[in-house]
Structures are given as structure tokens and as C-alpha cells.
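K.L.:
For reference, the structure I am asking about is given below.
Derivation of every value follows stated rules applied to the coordinates shown; laboratory data play no part. Keep in mind the model is a prediction, meaning the values are calculated, not measured. Please note: Cβ atoms are built from the backbone with ideal geometry, for glycine as well, and neighbour counts cover all protein chains shown.
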Amino acid sequence: MNMHVSNLFSLHGQRTLLRRLYFSRIGLVVESALIGLASGLVVSLFRMALVQADRLRLTWYQRLTTVIYYGQWYLIGLEILVFIVLGLFLGWMSLWRPMARGSGIPQLKGYFEGHLTFRWFSELLVKITSGILGIGAGLSLGREGPSVQIGSYVGMGILARSERPAVEKKFLITAGASAGLAAAFNAPLAGVLFALEELHHVFSPLLLTCTLAASMTADMVAGYFFGMHPVFNFRALRLLPINLYPWIIVLGVLSALGADLFKRALFGIQDFYKRLPVPRFMWPILPLLTSVPLGIYLFDVTGGGHPLIESLTVMQRTLSMLAFLFFIKLLFTALSYGAGTAGGIFLPLLVCGALLGTFTGQVLYVLGYIDELYILNFLILGMASFFTAVVKAPVTGAVLILEMSGNFNHFGGLMLVCLVAYVISDIIVSQPVYDVLFARLLSSAGSETGTGKIGQKSP
């Protein structure tokens, strides 16, 4: 007995005990929470930098609008020169570390399926730097895709010397990705569901536990910096009456059609860039220069678009202006994403959904079918249905909008509109956006690297 106790408290016994705890389910959950903590911190800093960049861009364009009125056009020339240099720098980074391009979600899908590899540290730096510079300069891209990839990179860094089995490593890297989404949008449940519904397409109790621990921890870290309130500051919502539910079905159909147009524009612009007679490192110059007149005359469509969504709840816009903003935002997002710099499409597509939902609500109000106070409901329903039709992840779409809006009273309406959008997008054979982007990524891998794995290109 004494010998057993002495062995337990010996250095070897303590190491054995710690090793057993580390490789147990408890150790896996603890490490998931640790990854969530680190991912939440990095993504929160990334998010704070984007907030400051948005403020600087707003201040700059306000000043630019004033000096143009007095004929001081040289500042526009200065901005164009800066954007050309910035575009070349962003293009060079996209060539140096191609896995850091775009949202990063197609790359993660390829990594989990064994087709792609990562260089986590250098790509993490490129993802953060190019994301801040590109989105901050006004490209119509979102923070959520980069945040998902940043979270996965943080997980890879923590697991760099780990002896865990390959399956558990993938679960923990997935936990980092879900933590990134949770910290980006203050939406921990959406982070969990996105990992299950989009990244893996399977349900596993162990995967659920890892992603839940990481997402909740990351959400608390983001809450420390940004507060625990929802991302969108919507006023109190009225419960949509059951007699208005047929109009929800109409909105679901319109969202599916609009989302198909969104995807066609996204893929079409990618093909357009490939046909340009200029080197790839020059591609970001085009959307950056396009952002200059948009920033001066139509500032709302630049950047991710978070302020535009909130402005729809307080600022009355005509139907023609809503339609105009929808098409400009859609085209500028496609132009920005196709250039290959870091940035996602979550937030821009939510803007398109909010514009389409608001447009539908206002048309119904003008025709006398709904009361004006229910237009806000259609705005929120439009975001959820548009997301569902683009990504083909209805549960994630409904829960994401619930968490972002902070109101769970309209869950039934959200599920209905997401279901309709999903079914209609299937009927018109509109493929999930990330599946198509992943297929395009794989098809370009051989031409860029000479191998089947982009991440194996020599430094």
C-alpha cells in the first residue's frame, strides 16, 4: 500500500497521471476551451482592428467629400496612388501564401478532406494583415471567413507538438474554427452548428463537445471586449402574425432566386479575372480603385456592410434605392472576392439578404398587405433565407440570425423561410457556394503549384 502511494506521488507517477488526463475526454474538452480562449483573443483583436479601420475610412471619405466640394482633387489622386501600391502588396501576399486567399472556408474543407495543407504561422500573419488592409480600405468583404480560418490556425499552433491522434487533432482544429465564428459574430451556437453542418456534414458527440467548449469560451472572450449584447442593435420586434406566413414563403422564393444571382456573379467575376491580360498580383487593384467613387458617393456599400444593415431599421429608403443598393453590393462583393485577397462573404451576403427582405416588406406595406412595423421582421427573415440559399446550411442560418438579432420569438418564421429558400434553391439546382468554391480551388491547385496540394508549394 505504501509502495503504491509512493509511486503515485513520484515524478514518474505524476507524469503518467497527467498524460492519462491529457488524452482523456476531460483533457480534450480542456484543450478545446484553451483553443477557444486563444482563438477568441486573436479574433477579437482582428475584429477591433477592423472597427478602427472602418472609422478611419469613414473619417477619410467625409473629409474627401468636403475637399472635393472646394475643388481639391489632388487628394483623390493621392488615394488612387496609395491604393495601387496597396493592391500590389495584397496581390503579392496572395501569391506568397495562396491558402490565405478569400474566406478560407473552402481551404478548411480541403484540409479536412486531406486535399490541402497549411503553413499555419505565416498564413495566419498573412490572413490577419491582408484582411485588415483589404476590408479596412473598403473592399466589400466580411470578417467571418477570415475569423474561421484564424481560429483554425490558432488551433494548429497549439497542437503543433501534440501527440494526439489525427482524428482528435481535426476535432480540435474544427473547434478553433467554430470559436473564430463565435468570436466574430457573438454567436456561439452558430459556430457549433456551422462546424457540424458545413465543415464536416456529420454529427459526432465528441465533435459537438469540442466545438461547444471552444465556441462558448471564445464568445466570453469576445464579450469582454465588445459586450455580451447581440451584434445587431435592432429595436423590439413584434411577433409576426400567423396570417402573414404566406408572405414568408414568397420571401423564401425571392431569396433563393436572389442568392442564385449572387453565386452566379461570384463565379462569373472569378472567371472574368482569369481572362484579364494582367498578372494575378495586380488583381486587387481593380476593386480597390472601384471603392474610391463608391466611398465618395455610395459609402454604405463599402466594407462589410454592418452599418448598412442597422441603418435600414432607422432610415427610410425608396424601393428604387433599395434595389440599387442590392445590385451594387452584390456586384462589388463579387469583384472584391474574385481578386483573391483575404475576406469572407458572410456579412456582405447578409447585407444583400437584409436589402431584399426590406424591399419585400416595403412592397407588401405599400400594397397594404402588412403593417409598417413588420418590415423589420422581413429584414431579419431576408438575412436568414439569403444565407441559407447561398450556403445551403438552413439550421446554421436560422440560429445565426437568432443570435445576431437577440430575439428568439420569431424562430418559427425563420425556420419556415430557411426551409423554403433551401428547397427552392434545390429545385433551381443552385449549388452550395463553398462546395463550388472548393471545387474551383482544387481545379486551380495543379496549375499554380504543379501538385494536387496548394500548401505543398515551395516557400
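K.L.:
Show me, bin by bin at 5 Å from 0, the whole-percent P(r) of segment 157-263 based on Cα pairs.
P.N.:
2, 11, 15, 13, 15, 15, 13, 9, 3, 2, 1, 0
K.L.:
Given points 7 Å out from each Cα along the Cα-Cβ axis, report the Ser204 to Lys169 separation in nanometres with one decimal.
P.N.:
1.4 nm
K.L.:
Using 0.36 nm times the number of residues separating Ala160 and Asn243, minus their current alpha carbon distance, what extension gain do you get? Spell out each step's value before the answer.
P.N.:
Values: separation 83, 0.36 × 83 = 29.88 nm, distance 5.60 nm.
Going from the current span to full extension adds 24.3 nm.
K.L.:
Same structure again: In Å and whole numbers, how far do the C-alpha atoms of segment 242-443 stretch along each principal axis, longest first?
P.N.:
Result, largest extent first: 56, 37, 28 Å.
K.L.:
Something else about it: Run the helix sum for the chain: -39,500 (n - 2.57) per DSSP H stretch of 4+ residues, divided by residue count, reported at 222 nm to the nearest 500 deg cm²/dmol.
P.N.:
That calculation yields -24500 deg cm²/dmol at 222 nm.
K.L.:
For segment 96-240, build the charge dipole from Cβ charges (+1 Lys, Arg; -1 Asp, Glu) around the Cα centre, then report which of Val221, Ser204, Gly102 sits farthest towards its positive end.
P.N.:
Gly102
K.L.:
Taking the convex hull of the Cα atoms, report for segment 26-226 its projected area averaged over all directions, in nm².
P.N.:
Result: 11.6 nm².
K.L.:
Within the chain, which DSSP H helices have Cα atoms that stretch 27 Å or more along the helix axis and a mean Kyte-Doolittle hydropathy of at least -1.0?
P.N.:
Membrane-span-like by this criterion, though nothing is claimed about a membrane: 25-69, 74-96, 166-185, 205-226, 245-275, 319-338, 346-366.
K.L.:
Still on this model: Give me the net charge of Trp60's neighbourhood, meaning all other residues with Cβ under 14 Å from the Cβ of Trp60; Lys, Arg count +1, Asp, Glu -1.
P.N.:
With Lys, Arg at +1 and Asp, Glu at -1, the neighbours total +1.
K.L.:
Could you grab the relative contact order for segment 26-226? Cα pairs under 8 Å, six or more apart, rounded to a whole percent.
P.N.:
RCO, segment 26-226: 33 percent.
K.L.:
So what are the radius of gyration and Dmax for the Cα set of segment 309-357, in Å?
P.N.:
Cα-based Rg and Dmax for segment 309-357 come out at 11.7, 35 Å.
K.L.:
If I take R0 = 22 Å and measure r between the Cβ atoms of Gln431 and Leu257 in this structure, what FRET efficiency does the formula 1/(1 + (r/R0)^6) give, to the nearest 0.05?
P.N.:
In this case the efficiency is close to 0.90.
K.L.:
Assigning unit charges at the beta carbon (Lys, Arg +1; Asp, Glu -1) and nothing else, what dipole magnitude in debye, to the nearest 20, does the chain show about its Cα centre?
P.N.:
Magnitude of the dipole: close to 1080 debye.
K.L.:
Please give the peptides 152-159, 261-268 ranked by average Cβ packing (other Cβ atoms within 10 Å per residue), highest first, as a rough proxy for protection.
P.N.:
Per-residue Cβ counts within 10 Å, averaged per peptide and sorted highest first, yield 152-159, 261-268.
K.L.:
Sorting check: for 402-411, 53-62, which peptide has the highest mean count of neighbouring beta carbons within 10 Å, and how do the rest follow?
P.N.:
Ranking the peptides 402-411, 53-62 by packing returns 402-411, 53-62.
K.L.:
Taking 45 Å as R0, compute the FRET efficiency from the Cβ-Cβ separation of Thr117 and Tyr369 and round it to 0.05.
P.N.:
After rounding to 0.05, the efficiency reads 0.25.
K.L.:
Take the Cα atoms of the chain, build their convex hull, and give its volume per residue in Å³.
P.N.:
Taking the convex hull of the Cα positions in the chain, it is 160 Å³ per residue.
K.L.:
Next question. Between Leu75 and Leu276, how many nm apart are label points set 7 Å from Cα along the C-beta direction?
P.N.:
Calculated label separation equals 2.7 nm.
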